[in-house]
Amino acid sequence: MENSPTTIGSKGLIKQHEFVRVIIQSLYSLGYRKSGSCLESESGVSYKSMNLELLESQILEGDWDGCINTLCAIQELADETRASVLFLVFKQCLLEYLIGGDDTLALSVLRNQVPALRMGKENVHNLAYSIICLKEMELSKADDNVIHGQRKNLLTELGTLLPPPTVLPERRLEHLVETAITAQIDSCDYHNSVEPISLYEDHNCSRDQFPTETIQTLTEHENEVWFVQFSNNGEYLASSSSDCTAIIWKVLEDGRLSFKHMLRSHLTPVSFVAWSPDDTKLLTCGNVEVLKLWDVETGTCKHTFGDHGFVVSSCAWFPDSKRFVCGSSDPEKGICMWDCDGNEIKAWRGTRMPKVLDLAVTPDGENLISVMSDLEIRILNVRTNAEQVIPEEQPITSLSVSADSKFFIVNLNSQEIHLWDVAGKWKKPLKYIGHQQHKYVIRSCFGGLDSSFIASGSENSQVYIWNRRNSRPIEVLSGHLMTVNCVCWNPKRHQMLASASDDHTIRIWGPSRSKNIQR
């Protein structure tokens, strides 16, 4: 039956005996041993291959010559894997000879049989050394039960090394089903839910669980709203405005937002805010002004950094919530790293330092990414000081980093958003088009489940959303009356999006059935 060419499936791509065999394996792995045994009997297909059954009996009986012959006869074994497998077998074989007092036989095998298998001198030396160590540890406590346990362990180790069809990869059916589901998810433009996928039908999400409708409009700002950012725990939203204030909003259980604190201290428009990773502190950047640190719970200003001549463009926290960096468009000020008490820890500045337009720290704290002089992205590994430079052909206005620290996006005034990898392996970026951006700073973001989406504002008063796999938007959201400057996706509520506009408002977007907002 195992060699039968019978195929199943509408396209005849599945070998029936392989299909049955992975079902049997799945039954055994799920604990349905009687069902697995019954299926083996009824189908004539064995879960274990003939070679594996032979190896099991040879190893459990201590037939090392037979075991070695069987392994050497398995054609699918690559030379490197064969050496690893034989190393394990000989280690057990020699140990048992030594335990039985057959030192001469063990030495003969090590000198004559092992080299004949061309395992390499290093492997032979490693084998001899490991046997000596094992002998010292285990000779005194070795008995039949111990040896039987060692042989069972050897079989387990071999099971991880031997290739199919001799051994099936562990949980093969589950892997195949997961692969099929993953492929369906990857082809679903709107997938944005953590709910398990049903096997009963092909997966395809609708727009019903996607942020496409305004569920709340916040009107407390008295002028253009330039920036919005959700806290890392998704429980707050901070906004900043050209009315010289920032506001902290509380996200309620029902998905609506309530006013928490008005932050008044800046003398000029507030262009940027940044939450500390622990969400207890908030930084605000004045436009051509100082940087301020606020206590989120009380809404009080804890510290002011710099003076009125310190031109701050953006800031970013390190994961410990104790250090942050800020960048200046003044080359003499460069990039500064501070602690929360105002002590300068480190600085990157000098006459050759270009102006810093925007910067970010990857959430893992490994890399500092900065936009220099419009056309250049610099990625500095903070730990090793290794640096890479990515040039762009059009002026960059902003950047944003993904939650997994692997990717970042930049907005260009050429009406494109470019997605780059932090590791620097990509020669070209992925590009996203459709929105409008000519004159103003427009900020985009990653969002949704697994940061699968990119959202951006636009100068035509709309919000654009892309699936990261596609260059053209899947949604264009209307509602604002003027330029949308910034968008931010809630990192915990994947169906909640906020947008800030020159029309003085913040819009909170949710599913068309707003009752379905989920945590």
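The values are calculated or read from the model by the stated rules, or taken from the named source; none is laboratory data. These numbers come from a predicted model, not from an experiment. Note that each Cβ is placed from the backbone with ideal geometry, even for glycine, and that neighbours are counted across all protein chains shown. In case anyone asks, the SASA skips ligands and DNA or RNA and just uses the protein heavy atoms, side chains included. Shrake-Rupley method; radii C 1.70, N 1.55, O 1.52, S 1.80 Å.
Observations, loosely collected:
- Scanning the stretch 287-302 for residues that are open to solvent by less than 60 Å² (accessible area, probe 1.4 Å) and at pLDDT 85 or above gives Leu291, Lys292, Leu293, Trp294, Asp295, Val296, Gly299, Cys301.
- Of all residues in the stretch 250-268, those that are buried (at least 20 other Cβ atoms within 10 Å of the Cβ) and assigned to a loop (DSSP other than H, G, I, E, B) total 2.
- Pair list, Cβ under 8 Å, 6 or more apart: the stretch 420-432 residue within 21 Å of Gly365 (Cα to Cα), other residue in a loop (DSSP other than H, G, I, E, B): Trp420/Trp426; Trp420/Pro429; Asp421/Lys406; Val422/Thr362; Val422/Ser405; Val422/Lys406; Ala423/Lys406
- Residues located in the stretch 466-481, provided they are among the aliphatic types (A, V, I, L, M) and open to solvent by 70 Å² or more (accessible area, probe 1.4 Å): Leu481
- Test: residue in the stretch 38-45 that is out of contact with any Gly (no Cβ under 7 Å at 6 or more places or on another chain), touching a residue at least 12 places away in the same chain (Cβ under 8 Å), at positive phi and surrounded by fewer than 13 Cβ atoms within 10 Å (Cβ to Cβ): yes
- Scanning the stretch 34-56 for residues that are under 18 Å from Val167 (Cα atoms) and in a helix (DSSP H, G or I) yields Gly36, Ser37, Glu40, Met50, Asn51, Leu52, Glu53, Leu54, Leu55, Glu56.
- Candidates Ser198, Ser258: the one that is assigned by the TED database to the domain that holds Lys302 and either in contact with a Phe, Trp or Tyr (Cβ under 8 Å, 6 or more places away or on another chain) or without any contact (Cβ under 8 Å) to a residue 60 or more places away in the chain (or both) is Ser258.
- Flag for Lys406 being within 29 Å of Glu387 (Cα to Cα), of a type outside the set (Phe, Trp, Tyr) and open to solvent by 50 Å² or more (accessible area, probe 1.4 Å): yes
- Of the criteria (1) touching a residue at least 12 places away in the same chain (Cβ under 8 Å); (2) at negative phi, which one Thr300 fails: (1)
- Which numbered condition Tyr97 misses (of (1) part of a helix (DSSP H, G or I); (2) of a type outside the set (A, V, I, L, M, F, W, C); (3) exposed (fewer than 13 other Cβ atoms within 10 Å of the Cβ)): (3)
- Across the stretch 363-403, the number of residues qualifying as in contact with a strand residue (DSSP E or B) (Cβ under 8 Å, 6 or more places away or on another chain), under 23 Å from Arg323 (Cβ atoms), among the polar types (S, T, N, Q) and open to solvent by 30 Å² or more (accessible area, probe 1.4 Å) comes to 1.
- For the stretch 180-202, filtered to residues that are of a type in the set (Val, Ile, Thr) and within 19 Å of Trp489 (Cβ to Cβ), the residue that is modelled with the lowest pLDDT is Val194.
- Residue in the stretch 322-338 that is out of contact with any helix residue (DSSP H, G or I) (no Cβ under 8 Å at 6 or more places or on another chain), in contact (Cβ under 8 Å) with a residue 40 or more places away in the chain, open to solvent by 50 Å² or more (accessible area, probe 1.4 Å) and not in a strand (DSSP E or B) present: no
- Listed by first and then second residue, the pairs with beta-carbon distance under 8 Å, at least 6 apart or on different chains, first residue in the stretch 152-181 and surrounded by 12 or more Cβ atoms within 10 Å (Cβ to Cβ), second assigned to a helix (DSSP H, G or I) and among the acidic types (Asp, Glu), are Leu155/Glu56; Pro165/Glu18.
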